[in-house]
Amino acid sequence: MTRAETLPHRSHALSVAAVADHFGVDLAVGLTQKEVARRLDRFGPNKLAARRPVTEIDLILRQFASSIVALLMAALVLSLIYAEWKQAAAIAAVLVINAAIGYYTERQAVRSMEALRQMAARNARVRRDGQPRQISADQLVPGDVVVIDAGDVVPADMRCASSAALSVDESALTGESLPVDKGVEANSEFAALTERSAMLFKGTHVVRGSGEAIVTGTGIATEIGRIAELVEEAESGDSPLERQLALLSRQLIWLTLALAAVVAAAGIYSGRPIFLMAETSIALAVAAIPEGLPIVATLALARGMMRMAGRNALVENLAAVETLGSTTLILTDKTGTITENRMEVERVITPSGEFSIDHLRAVILKGGHLVDPATDPALMRALLVGVLCSNAEYDHHADFGTGDPMEVALLRAGGFAGLRRREQIDTYPEVAKHPFDTATKRMATVHRHGEGHFAAVKGAPEEVLASADRIGVEATSLDDTARAAWLVRAERLAADGLRVLAVAIHPTAEPQEPVAHSLTFLGLVAFRDPPRHDIADAVAAMRGAGIRVVMATGDHPSTALSIARAVGMTDPDATVTTGAELSRLGEAAETECKKIARRDVFARMTPEQKLNLIALFQREGEVVAMIGDGVNDAPALTKANIGIAMGRRGTDVAREAADMVLLDDEFSTIVHAVREGRIIFDNIRRFSTYLLCCNLAEVLVVGLAVFAGLPLPLTPLQILFLNLVTDVFPAFALATGEGEGDVLARRPRPPKEPMLSAEQWRAVVSFGLTIAASTLIALVVANGWLELGAQQVTTISFLTIALAQLWQVFNMRSRGSGLWRNAVMKNRLVWYALALCLGLILAAVTVPVSAEALQIVPVGLAGWALALGCSLLPLLGGQAWLVVGAASGRPRMSARAARPGASGKEAL
């Protein structure tokens with residue numbers, strides 16, 4: 001099936017008769033059952049193809065897609081080859097633990113793309129064989145004649161064949177905040193999607209009126225189907241954390257291979273047994289690999305995921321938890337994301353003056369001062385027309401309405417003046433209704449008043465004013481000059497991003513006669529889709545954190561710019577870039593692309609153009625977070641480095657495409673998520689530095705001892721014990737830190753900055769050398785001065801490095817922080833981890849089974865004193881280094897709060 005077979009690409013530009021002829025259908029009869037069966041066989045059911053669901057096997061395999069895990073598996077194989085069964089079992093346990101944590105954490109959040117298929121209506125009313133029938137929407141075929149009414153979900157892409165005040169909410173598909181009126185007149189061949197008033201699109205909602213339409217596309221050959229294809233094709237941006245962990249893994253792999261090869265070659269060259277050197281190489285490989293890193297990273301991200309969930313941010317995968325911390329640009333939709341996706345009356349302009357409405361206080365103001373609406377007849381009459389000329393319903397107590405959003409807004413505004421629709425209908429009974437007509441662009445209702453009738457009229461300002469010859473409560477003459485002045489007012493309001501209606505009455509209307517002329521103009525009503533209450537503060541917080549907030553919407557440019565200015569997203573003199581302008585950019589010069597990438601507001605954007613915009617930002621080095629709630633946002637949500645969807649108002653399609661869902665729909669939740677993401681990265685840096693300096697110390701101790709001809713200081717199984725006990729628990733405690741200072745006061749780290757910068761590597765080397773030196777001192781003293789046996793020397797080396805690594809956690813405080821008052825000392829989990837590790841070390845020494853497995857023997861009081869004394873040397877040296885570093889003004893070891901505009905380079 002191809003789009004060309006089902007949907008003429010010019011359906012909106014063809015007449016109804018031409019479309020009917022193309023599909024071979026008589027509107028009065030519809031298709032025959034025989035023809036339906038043939039087309040259903042040819043085109044298939046009216047469904048969207050679903051992405052292959054993520055299976056349990058997929059989730060399990062995903063946990064092993066890591067270079068460090070691959071290195072551990074290689075070590076496992078090597079251990080099995082040399083029959084090191086205990087060592088192999090320990091490595092296997094590491095792999096299983098890490099995979100289990102990742103699997104069970106991600107399994108809770110994985111969702112399928114099958115929700116795309118739920119966008120179709122369950123049933124549809126069609127005309128077949130000349131008879132009306134109700135069928136499953138899945139059974140629709142191109143050429144079917146469909147009957148639609150208010151409240152229906154459009155079941156397929158269709159060409160409108162008849163319209164009785166038909167209006168459709170297309171915001172989820174196009175981003176247009178107001179319902180779109182539909183008619184039978186053909187549109188321009190080059191009309192944008194938002195301008196195709198002759199078309200109805202699958203998945204949109206009919207809010208008013210009724211009509212008939214010819215199905216022109218089903219399933220994947222619809223606009224929503226095209227978006228589904230874009231979602232499938234859009235390549236998800238890699239997480240910065242994934243890239244950094246991959247880089248770190250590659251560095252460790254080469255370091256491990258190089259060390260093992262050099263030491264093995266040196267030992268064999270010096271005449272040592274090959275089997276001994278093979279065992280030593282395994283020990284070095286095990287020492288170089290931070291077995292605890294994947295476990296601690298997974299646990300840190302899982303804990304971050306749970307903390308975000310507590311803040312109403314549900315994250316789908318672990319890596320996405322940290323991505324927000326490195327985000328440099330947030331691209332957001334407007335309707336339903338920046339705004340409430342509902343209309344409010346903002347201003348009412350009558351001949352007696354201009355009024356504004358304070359919706360929070362439910363009052364009406366004039367010139368900033370509170371007014372009693374009942375004292376202004378012109379205002380009351382304008383609001384009364386808005387209440388009477390309506391098809392909507394509104395519950396003032398529940399603050400909830402149904403129907404056209406602008407009519408609901410008029411009913412709400414009328415309530416602020418004490419005008420309730422039911423009460424006014426009782427006073428002025430409705431005797432006739434003239435629905436909205438796309439030709440006259442106005443609607444009228446006729447009401448009884450005493451012995452006569454009057455008409456309440458609302459519509460487009462230019463149409464209402466053209467039919468009016470009087471103005472105001474006094475019904476004075478309306479001349480061309482005054483009419484032109486009111487039109488200028490309406491244009492100015494529209495330029496401010498407001499939607500404008502004119503209200504009028506016909507004082508002597510006949511119920512069954514069209515209300516065509518001799519109107520009395522009462523004024524203008526201006527509407528706005530209001531910004532969400534938390535947006536302005538959240539945007540300011542993001543800008544303070546060095547993160548740009550950019551709007552990309554399908555709505556009108558003036559509306560987009562007005563909202564962007566209102567929430568502080570852009571400067572007052574900023575300009576809007578339209579989707580058409582972006583498309584024309586094409587292969588423009590690099591300087592022009594950079595110029596476009598610096599703009600903050602983009603309007604009339606299609607899903608494809610949003611994808612191109614994200615790609616442009618990413619080429620410029622930005623880490624992009626995309627926020628959206630509509631079907632049209634789904635491809636961009638997939639393409640971005642992290643996609644964020646609204647949980648309450650968002651469509652199923654948007655939620656499925658996103659990496660994170662805001663359960664409370666509050667933009668401010670993103671601020672908390674960004675802070676959490678930055679803290680997580682700081683913690684990952686901190687515990688990575690801790691783990692690597694411990695592992696480097698083990699490598700240096702083993703390597704230098706081999707070169708110096710000393711006894712082997714650590715066995716492979718002892719190294720595994722150190723890496724899984726004395727390393728993992730303190731590292732995890734460091735991973736739970738709550739952050740230091742205001743992490744939002746600094747700029748995002750540069751996307752290309754490695755996880756461990758030069759400052760962190762200096763710390764790794766410095767601390768690794770001091771721990772190794774203190775361990776070798778203990779080894780030399782035990783071997784030479786105390787003249788202990790080989791197993792006792794190894795035991796003292798094991799105890800020294802184990803204790804030194806425990807004390808090393810206190811060297812992970814920030815430079816400039818107090819000796820006793822710092823993030824590490826205040827972290828209760830650090831103290832719990834130390835107590836647990838000390839208990840496990842004592843158990844390893846005193847419990848016969850573990851002592852035998854680890855080849856640990858009693859060393860006496862002198863041996864314990866030697867191990868404890870030497871283990872304190874790195875702590876003392878590290879604290880001195882921190883004090884000297886802070887005094888010299890060098891960069892702090894912890895994530896420091898950089899001033900906005902600073903380099904953004906982070907220390908550990």
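The values are calculated or read from the model by the stated rules, or taken from the named source; none is laboratory data. Here the structure is a predicted model, which means the values were calculated and not measured. Please note: Cβ atoms are built from the backbone with ideal geometry, for glycine as well, and neighbour counts cover all protein chains shown.
Do we find that Ala636 is in a helix (DSSP H, G or I), touching a helix residue (DSSP H, G or I) at 6+ places or on another chain (Cβ under 8 Å) and under 16 Å from Thr335 (Cβ atoms) in this structure?
Criteria met by Ala636.
Can Gly368 be described as modelled with pLDDT under 90 and not aromatic (Phe, Trp, Tyr)?
When the stated conditions are applied, Gly368 passes them.
Can you tell me which residues in region 353-378 are under 19 Å from Arg470 (Cα atoms) and touching a residue at least 40 places away in the same chain (Cβ under 8 Å)?
Within region 353-378, Pro377, Ala378 meet the criteria.
Yes or no: region 639-652 includes at least one residue that is among the aliphatic types (A, V, I, L, M) and part of a helix (DSSP H, G or I).
No, region 639-652 contains no residue that is among the aliphatic types (A, V, I, L, M) and part of a helix (DSSP H, G or I).
Out of contact with any strand residue (DSSP E or B) (no Cβ under 6 Å at 6 or more places or on another chain), in contact (Cβ under 8 Å) with a residue 24 or more places away in the chain, part of a loop (DSSP other than H, G, I, E, B) and within 27 Å of Leu487 (Cα to Cα) - does that describe any residue in region 440-447?
Yes: one or more hits.
Has region 585-592 got at least one residue that is touching a strand residue (DSSP E or B) at 6+ places or on another chain (Cβ under 6 Å) and either closer than 30 Å to Ala432 by Cα or in the same structural domain as Val631 (by TED's automatic domain parsing) (or both)?
Within region 585-592, not a single residue is touching a strand residue (DSSP E or B) at 6+ places or on another chain (Cβ under 6 Å) and either closer than 30 Å to Ala432 by Cα or in the same structural domain as Val631 (by TED's automatic domain parsing) (or both).
Which ones in region 561-589 are part of a helix (DSSP H, G or I) and closer than 27 Å to Arg747 by Cα?
Leu561, Ile563, Ala564, Arg565, Ala566
Failed condition for Arg133, given (1) in a strand (DSSP E or B); (2) closer than 27 Å to Ala439 by Cα, with all others met?
(2)
Out of all the residues in region 799-814, is one or more surrounded by 21 or more Cβ atoms within 10 Å (Cβ to Cβ), part of a helix (DSSP H, G or I), modelled with pLDDT under 90 and within 43 Å of the chain's Cα centre (by Cα)?
yes
Determine whether region 422-440 contains at least one residue that is polar (S, T, N, Q), at negative phi, loosely packed, with under 15 Cβ neighbours inside 10 Å and assigned by TED's automatic domain parsing to the domain that holds Ala516.
Checked region 422-440: at least one residue is polar (S, T, N, Q), at negative phi, loosely packed, with under 15 Cβ neighbours inside 10 Å and assigned by TED's automatic domain parsing to the domain that holds Ala516.
Quick test for you: out of Val702, Val725, pick the one residue that is surrounded by fewer than 23 Cβ atoms within 10 Å (Cβ to Cβ), among the β-branched types (Val, Ile, Thr) and either touching a Cys at 6+ places or on another chain (Cβ under 8 Å) or assigned by TED's automatic domain parsing to the domain that holds Arg749 (or both).
From the options Val702, Val725, the qualifying one is Val725.
For Ser766, which of the numbered conditions (1) outside any helix (DSSP H, G or I); (2) in contact (Cβ under 8 Å) with a residue 24 or more places away in the chain fails to hold?
For Ser766, the exception is condition (1).
Is region 448-459 home to any residue that is in the same structural domain as Asp358 (by TED's automatic domain parsing), closer than 21 Å to Val180 by Cβ, buried (at least 17 other Cβ atoms within 10 Å of the Cβ) and of a type in the set (Gly, Ala, Ser)?
So far as region 448-459 goes, yes, one or more of its residues are in the same structural domain as Asp358 (by TED's automatic domain parsing), closer than 21 Å to Val180 by Cβ, buried (at least 17 other Cβ atoms within 10 Å of the Cβ) and of a type in the set (Gly, Ala, Ser).
Would you confirm whether any residue within region 600-610 is crowded, with 16+ Cβ neighbours inside 10 Å and farther than 26 Å from Gly497 by Cα?
No, because not a single residue in region 600-610 is crowded, with 16+ Cβ neighbours inside 10 Å and farther than 26 Å from Gly497 by Cα.
What strands (runs of 3 or more DSSP E), lying completely within region 321-362, carry at least 2 residues that are under 25 Å from the mean Cα position of the chain (by Cα)?
Here the list reads 329-332.
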